[in-house]
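Peer 1: Sharing a structure here in structure tokens format.
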Amino acid sequence: GTWLSDPGKVYEATKEAINCGYRHIDEAWIYKNEDEVGKALKDKFEDGTVKREDMFITSKLWNCFHRPELVEEGCKESLRQLGLEYLDLFLIHFPVSFIPGCEEATKSEQVEEIQLKDTWAAMEKLVDQGLVKNIGVSNFEIEHIKQIQAVATKPIAANQFETQPYYQRKELVDYCQDAGIVVIAHTSLGSPSNVMSKHHKCPPLMEDPVVKKLAEKYEKQPANILLRWGIQRGTVVIPKSVTPSRILSNSDIFSFQLSSEEMDSLNALDKPGLEGCFNHPKTPWLGRSEFVEGHTDHYCNE
């Protein structure tokens, strides 16, 4: 993962990750660091560490490119910055549309109604053009997925959203897996930079006693336990770090397996509602706050 990575650090972190064996790089136009990742990829291709076909590169269509005539432009912008001829996976980042040129909507006039089915039809054309190999969605709820399923002629390859022991999203995970949609779990470690910290008092996931006890048993880091849990429930995990030691440590999840009882103990950590959520965007454009000064999100008690 590369979101919220400090400028100047993503380049080295990407090279280090590839050196450590990582082959899936998760990017997005709005992360504003695709150029750094592209430079790192170029260097690793040129020094022979990996070939393009060894890597699985994901990027995402930002909200201001949802008009069907802009989808190709949004994709090509990411390709240009990454220095690639194609993406392995291209996701609609959010089920909401901004007016063209708007990076972050701060008032209602900057949000427009573009039918998801129309954006998806343009996404399918990218596959036909050879610009992307697979297409999918991100931060989509079941209702949004159903809108696309009703018209899709190409598979919804994946849905990327937050799912971790405190915020498991079991209904959404089950729906996707039953439909053959791969679940890519972001915020797998319960993001230390908790976007929701002002709105709830959820403790850091990696400090949970159950997680720490299992880490001690297997002589692993708490992060390894959380990532292993995600793998064993059939999801893809994309941990983010720019620290070389953590990049290496996070990959140490294939030398052990959690028992069914241990999986159950982690499954029991799920919290109600948004209480265990670490990355629920506080945005007017998702209906999670008001375009009025002084208003708070519907889940706040302020």
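The values are calculated or read from the model by the stated rules, or taken from the named source; none is laboratory data. Given the structure is predicted, the values throughout are model-derived calculations rather than measurements. All Cβ positions, glycine included, derive from the backbone under ideal geometry; neighbour counts span all protein chains shown. Calculation scope for accessible area: heavy atoms of the full protein, side chains included, ligands and nucleic acids excluded. Shrake-Rupley method; radii C 1.70, N 1.55, O 1.52, S 1.80 Å.
Peer 1: Quick one: count up the residues across the stretch 13-52 that are among the aromatic types (Phe, Trp, Tyr) and closer than 19 Å to Leu248 by Cβ.
Peer 2: 1
The rows are residues; the columns are (1) under 19 Å from Met123 (Cα atoms); (2) of a type in the set (Ser, Thr, Tyr).
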| site | (1), (2) |
| --- | --- |
| Val151 | yes, no |
| Lys154 | yes, no |
| Gln160 | yes, no |
| Thr163 | no, yes |
| Lys170 | no, no |
| Asp178 | no, no |
| Ile181 | yes, no |
| Thr187 | no, yes |
| Gly190 | no, no |
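Peer 1: Continuing with the same structure: Report whether or not Leu214 is assigned to a helix (DSSP H, G or I), of a type outside the set (S, T, N, Q) and either in contact with a strand residue (DSSP E or B) (Cβ under 8 Å, 6 or more places away or on another chain) or at pLDDT below 85 (or both).
Peer 2: no
Peer 1: Taking into account only those residues within the stretch 132-148 that are closer than 21 Å to Thr58 by Cα and open to solvent by 40 Å² or more (accessible area, probe 1.4 Å), which is modelled with the lowest pLDDT?
Peer 2: Of everything passing the filter in the stretch 132-148, Glu141 is modelled with the lowest pLDDT.
Peer 1: Something else now. Scan Phe90, Phe94, Phe45, Phe98 and give me the residue that is free of Cβ contacts under 8 Å to residues at least 24 places away in the same chain, open to solvent by less than 70 Å² (accessible area, probe 1.4 Å) and either aromatic (Phe, Trp, Tyr) or in contact with a helix residue (DSSP H, G or I) (Cβ under 6 Å, 6 or more places away or on another chain) (or both).
Peer 2: From the options Phe90, Phe94, Phe45, Phe98, the qualifying one is Phe45.
Peer 1: Would it be correct to say that Glu72 is open to solvent by 30 Å² or more (accessible area, probe 1.4 Å) and at pLDDT below 95?
Peer 2: So Glu72 fails the test.
Peer 1: Write out, first by first residue and then by second, each pair whose Cβ atoms fall under 8 Å of each other, whose residues are 6+ apart or on separate chains, and whose first residue, in the stretch 22-37, is under 16 Å from Leu91 (Cβ atoms) and in a helix (DSSP H, G or I) while the second is modelled with pLDDT of 95 or more and basic (Lys, Arg).
Peer 2: Close Cβ pairs satisfying both conditions: Trp29/Lys60; Ile30/Lys60.
Peer 1: What pairs come up if the first residue lies in the stretch 164-190 and is more than 16 Å from Asn250 (Cβ to Cβ), the second is among the small types (Gly, Ala, Ser) and crowded, with 18+ Cβ neighbours inside 10 Å, and their beta carbons are under 7 Å apart, counting only those six or more places apart or on different chains?
Peer 2: If the second residue must be among the small types (Gly, Ala, Ser) and crowded, with 18+ Cβ neighbours inside 10 Å, the pairs left are Tyr166/Gly190; Tyr166/Gly276; Tyr167/Gly276; Ile181/Ala158; Val182/Ala157; Val182/Ala158.
Peer 1: Does Val237 qualify as being surrounded by 18 or more Cβ atoms within 10 Å (Cβ to Cβ) and touching a Leu at 6+ places or on another chain (Cβ under 8 Å)?
Peer 2: Spelling it out, Val237 is indeed surrounded by 18 or more Cβ atoms within 10 Å (Cβ to Cβ) and touching a Leu at 6+ places or on another chain (Cβ under 8 Å).
Peer 1: Inspect all residues belonging to the stretch 79-88 and state whether any of them is part of a strand (DSSP E or B), modelled with pLDDT of 95 or more and closer than 29 Å to Leu189 by Cα.
Peer 2: yes
Peer 1: Still on this structure, I have one more. With the stretch 221-270 as the region, which helices (runs of 4 or more DSSP H) entirely inside it contain at least 1 residues that are charged (D, E, K, R) and closer than 30 Å to Lys15 by Cβ?
Peer 2: 222-232, 244-250
Peer 1: Count, please, the residues in the stretch 101-114 that happen to be under 22 Å from Phe161 (Cβ atoms) and touching a residue at least 12 places away in the same chain (Cβ under 8 Å).
Peer 2: The total comes to 4.
Peer 1: Return only the number of the condition from (1) modelled with pLDDT of 95 or more; (2) under 20 Å from Trp120 (Cα atoms) that Ile30 does not satisfy.
Peer 2: (1)
Peer 1: Condition (residue is farther than 25 Å from Tyr22 by Cβ, open to solvent by less than 40 Å² (accessible area, probe 1.4 Å) and modelled with pLDDT under 60) applied to the stretch 275-283: is it met by at least one residue?
Peer 2: The answer is yes, given that some residue of the stretch 275-283 is farther than 25 Å from Tyr22 by Cβ, open to solvent by less than 40 Å² (accessible area, probe 1.4 Å) and modelled with pLDDT under 60.
Peer 1: Is it the case that some residue within the stretch 166-177 is modelled with pLDDT of 95 or more and farther than 28 Å from Phe256 by Cβ?
Peer 2: Looking for residues that are modelled with pLDDT of 95 or more and farther than 28 Å from Phe256 by Cβ, one finds at least one in the stretch 166-177, hence yes.
Peer 1: Let me ask something else about it. Can we say Phe45 is under 30 Å from Gln115 (Cβ atoms), at pLDDT 95 or above and hydrophobic (A, V, I, L, M, F, W, C)?
Peer 2: So Phe45 does not fit the description; no.
Peer 1: Taking the stretch 110-126 as the search range and keeping residues that are open to solvent by less than 40 Å² (accessible area, probe 1.4 Å) and either in a strand (DSSP E or B) or closer than 27 Å to Phe56 by Cβ (or both), which one is modelled with the lowest pLDDT?
Peer 2: Glu112
Peer 1: Same structure, new question: On the basis of being acidic (Asp, Glu), in contact (Cβ under 8 Å) with a residue 24 or more places away in the chain and surrounded by fewer than 16 Cβ atoms within 10 Å (Cβ to Cβ), does Glu261 make the cut?
Peer 2: No: the conditions fail for Glu261.
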